[in-house]
Amino acid sequence: MNHSTTDNNYKCHNSNSNWRLPNVAFMVGGFMLFPPVGFGILAWLVIGKNVDILGTLKSKFNSSSPAFKQQFKSKRHYGHTGNSAFDAYKHDSIARLEEEMQRRKAQLKDEENNFNEFVINLQKSKDQAEFDQFMKAQTAAAKTAEKAQKTSEEETD
């Protein structure tokens, strides 16, 4: 296993392949709802380059109207209670928890990157040790062949 193979094993989520799980799920869902939609998505995946259906949908949602987004956010935060002090406390608590969640996500991402670097460096050192062992074996074989040639020359003289 070389460096690029190890790199691919741990960074496959950045793949440029169209056949990622969300794309395939949308295609299967398209076939289940209305087969021409499924065939359309299949054609898009086969012909298109770097198709990311989920990313496209997320960008469409993010560019949608603020009222539409607020409708989803208000359900997530359980609306207002009527008590302004409690609503303010709840809003501050949720904001603080979301900041903590973002901080921890960033921390986990850093730990993941550090682990991937560790695994890659470990593989590099293993590859280097194997190469050094190979070179020692080659050198020993060359010396043995040289000695055998010298003894055969001495016997013929």
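The values are calculated or read from the model by the stated rules, or taken from the named source; none is laboratory data. Because the structure is predicted, anything quoted here is derived from the model rather than measured. Every residue, glycine among them, receives a Cβ derived from its backbone with ideal geometry; neighbour counts consider all protein chains shown.
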Practice task
Kindly indicate whether any position in segment 44-63 is touching a Pro at 6+ places or on another chain (Cβ under 9 Å), over 23 Å from Asn113 (Cβ atoms), β-branched (Val, Ile, Thr) and at pLDDT below 85.
Solution key: yes
Handout entry: Qualifying residue in segment 64-83 (condition: surrounded by fewer than 10 Cβ atoms within 10 Å (Cβ to Cβ), at pLDDT 80 or above and part of a helix (DSSP H, G or I))
Key = no
Handout entry: Among (1) in contact with a helix residue (DSSP H, G or I) (Cβ under 8 Å, 6 or more places away or on another chain); (2) without any contact (Cβ under 8 Å) to a residue 24 or more places away in the chain - the single one Asn116 does not satisfy
Key = (2)
Exercise for the section: Taking the options Ser125, Ser93, name whichever one is among the hydroxyl-bearing types (Ser, Thr, Tyr), part of a helix (DSSP H, G or I) and more than 30 Å from Phe61 (Cβ to Cβ). Expected result: Ser125
